[in-house]
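Heads up, the thing below is written out as structure tokens.
The values are calculated or read from the model by the stated rules, or taken from the named source; none is laboratory data. Being a predicted model, the structure only gives us computed values, none of them experimental. Cβ placement follows ideal geometry from the backbone for every residue including glycine, while neighbour counts extend to all protein chains displayed. SASA here: full protein model, heavy atoms, side chains in, ligands and nucleic acids out. Shrake-Rupley method; radii C 1.70, N 1.55, O 1.52, S 1.80 Å.
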Amino acid sequence: MNYIIGIDVGTTSTKALLYDTDGKIYAKANKGYTLYQDTPDMAEEDPDEIFNATLSAIQEVVAKAQLTDGKVIAISWSAQQHSLIALDKDFKPLTRTLTWADNRSEKYAREYKENGRGMAMYQRTGLPIHPMGPFYKLLYFKNEQPDLFKRTAYWVGIKEYIIWKYTGVLKEEISMAAASGLLNMKTCDWDPEALKETGITKDQLPELVDLTDKFQGIKSEYAKVMGIDEDVYFVMGATDGALSTIGVGAIDSGVLAINIGTSAAVRTFVDKPRIDPKARLYCYPIMKGKYLVGGPINNGGIVLSWAHDALFASEEQAAKLLGMDSYDMLSKIAATVPAGSDGLIFHPYLGGERAPLWDANARGSFFGLNRKHTKAHMIRAVMEGIMYNLYSVTLALKEVTGDPKAILAAGGFAQSKLWTQMMADIFENDIIIPESYESGSLAAMFLAKMALGMEDKLEDIKKYLGKENKYQPNEETFARYRKLVPIYLRLSREFSTEYKAIADYQREFPG
């Protein structure tokens, strides 16, 4: 028996799963790292710290599995989108990794939105007008750190850097390149106009390849640490967005995939580019005949983590004494409050927001507080607010791609029955949860099998998903949400006039 490692390089941690070629999981590992936020708009990570996390995660799953019959034949990659690292001529980092959450290029995105050039870029590249995009990050470096900009020999994302460090090969696959805003979605090549505007050249970017591109050989010092052979195959894989969609089986047009991890997103595949006239959705080529249309949100599970830490520190201690997971306790507390949280609404924009607002200055708020409300209401309102936000993205997606045939969901939230039922009630739709919820790593493993000639069709991933759980909307509950969702949406528009003012205040007085 041979084995494949699917590895998912996320925003807060890296997960590695070791599978056999039948899709059975033998071991898992999860390694976290620091997100540096020295100023309100900064969101950076140390690329070598992330590399070491991947090394440690792979070492751990190989050690846990205690393989005696066969070997690891491939490692395949999923990774966070929109990251950017400057490298010198010797491929040494000149910067930390700027993540999708870094908003320091906000003023350049705003300028492009106001002068119309952003819409022109969006129509060519499919990247919405927002500082998450490496296109706008490059404008920031070009204008505000010109010396560093001139010293930079290569511009890469975190996945490309990690693979280069293991193998000495610098390549970038189409899905990750599309998320940079530097790729022309129709030609699937670097966009000459985007390069001209940012002031970089094609030679400063990696070679473009397909998702299933593979190459053999890893540096001996790393192979020894991980306990694998040097002749292991590296398979390029794809973005976490693409693989999360593939990994829940949402292959067919019209099937929505919803994933809530640290951030969250709603996505669907289409067979040709679909551009939103309001530029609320991205459109990225993934492979021949498949484009991913969707809307990412900044504020998924990270908002629940904030509420957990900021509002429920004492309850966490109680959970430990009871031998409970503290997040399970939060769900139990939220379940004591009726749907709609007795009229308490939470806007979860704690780190600006991408879809559907595309406003890096957006800020969070509770609305409707009265003396009746308790912390239990607040935690339920937080959970509902994240779902309202995802639903608002789904409304935009329906305008562009039509009503969904089905909704498949995955991510850590899917382990909470309350939260998943909440989604069914707010969306007024059946929600299908595949048994295999580690969608990104699973899809990375499957792409490795395609690369090695063990699978032919993307659709065949469905045989690895296991049984499905279905959540159906509760008519009594969704009647309440029907009244609250329009209020949530109207408030988002009303508050938007003051987002910049409060964000500027926070920048002036960071505390």
Subject >> segment 234-369: relative contact order in percent, alpha carbon pairs under 8 Å with at least 6 residues between >> reply: 18
Original post:
If each of Ala501 and Lys332 carries a label point 7 Å out from its Cα toward its Cβ, how far apart are those two points in nm?
Top reply: 4.4
Original post:
Tell me, what is the 1.4 Å probe accessible area of Lys113, in Å² to the nearest 10?
Top reply: 100
Subject >> aspartates and glutamates with Cα under 20 Å of Lys24, excluding same-chain neighbours fewer than 8 positions away >> reply: Asp8, Glu60, Asp69, Glu435, Glu438, Glu455, Asp456, Glu459, Asp460, Glu468
**OP:** Please list, or write none, the lysines whose alpha carbon is within less than 19 Å of the alpha carbon of Lys288, excluding same-chain residues fewer than 8 places away.
**Re:** Lys171, Lys186, Lys214, Lys272, Lys449, Lys457
Original post:
Can you tell me the accessible area per residue over the chain, all protein chains present, probe 1.4 angstrom, in square angstrom?
Top reply: 39
Original post:
Can you pull the percent of the chain's accessible area that's carbon plus sulfur, 1.4 Å probe, other chains left in place?
Top reply: 48
**OP:** Within the set of other residues whose C-beta is less than 13 Å from the C-beta of Ser78, count the net charge using Lys and Arg as +1 and Asp and Glu as -1.
**Re:** -2
Original post:
What does the charge count near Gly343 come to, summing +1 for each Lys or Arg and -1 for each Asp or Glu among other residues with Cβ under 13 Å from its Cβ?
Top reply: +3
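Local charge sum around Gly10 (other residues, Cβ-Cβ under 12 Å, Lys/Arg +1, Asp/Glu -1)?
Details: positive: Lys15, Lys31, Lys159; negative: Asp8, Glu45, Asp240, Glu438.
Taking every Cβ under 12 Å from that of Gly10, the sum is -1.
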**OP:** Go through Trp77, Trp306 and list them by solvent-accessible area, largest first, probe radius 1.4 Å.
**Re:** Trp306, Trp77
Original post:
What is the spin-label model distance, in nm, from Thr34 to Lys92 if the labels are put 7 Å beyond Cα along the C-beta direction?
Top reply: 2.0
Original post:
In square angstrom, rounded to the nearest 10, how much accessible surface does Asp325 have for a 1.4 Å probe?
Top reply: 80
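For the full complex of protein chains and a 1.4 angstrom probe, list Tyr140, Tyr233 by accessible area with the highest value first.
On the way: Tyr140 25, Tyr233 65 Å².
Largest accessible area first, the residues go Tyr233, Tyr140.
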Original post:
What value, in deg cm²/dmol to 500, does the helix sum -39500 (n - 2.57) over DSSP H runs of n ≥ 4 give at 222 nm once divided by the residues of the chain?
Top reply: -12500 deg cm²/dmol
**OP:** Of the options Asn184, Gly168, Leu491, report the single residue whose Cα projects farthest towards the positive end of the charge dipole of the chain (beta-carbon charges: Lys, Arg +1; Asp, Glu -1).
**Re:** Leu491
Subject >> Ranking by accessible area, most exposed first, for Lys463, Lys219 with a 1.4 Å probe >> reply: Lys463, Lys219
Original post:
log10 I(q)/I(0), Debye, Cα-only segment 408-450, no solvent, q = 0.20, 0.26, 0.33, 0.34 Å⁻¹?
Top reply: -0.64, -0.86, -1.14, -1.17
**OP:** Between the alpha-carbon centers of segment 241-295 and segment 462-511, tell me the distance in whole angstrom.
**Re:** 19
**OP:** Compute, for Arg493, the solvent-accessible surface of its heavy atoms (probe 1.4 Å) with the complete set of protein chains present, and express it in square angstrom to the nearest 10.
**Re:** 150
**OP:** Please give the length that would be gained between Glu428 and Asp189 if that part of the chain were fully extended, namely 0.36 nm times their separation in residues minus their C-alpha to C-alpha distance (nm, one decimal).
**Re:** 82.0 nm
**OP:** Could I have the simple spin-label model distance between Asp342 and Asp69, label points 7 Å from Cα toward Cβ, reported in nm to one decimal?
**Re:** 5.9
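What size of dipole, in debye to the nearest 20, comes out for segment 306-399 about its Cα centre when the only charges are +1 on Lys and Arg C-beta atoms and -1 on Asp and Glu C-beta atoms? Can you show the working numbers first?
Working: 9 positive and 10 negative charges, 49 e Å.
In debye, rounded to 20, segment 306-399 gives about 240.
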Original post:
Taking H as built 1.01 Å from N, whose amide H comes closer than 5 Å to the amide H of Phe215, not counting residues under 5 places away?
Top reply: Phe234
Subject >> Alpha-carbon centroid distance for the pair segment 137-209 / segment 336-408, whole angstrom >> reply: 34
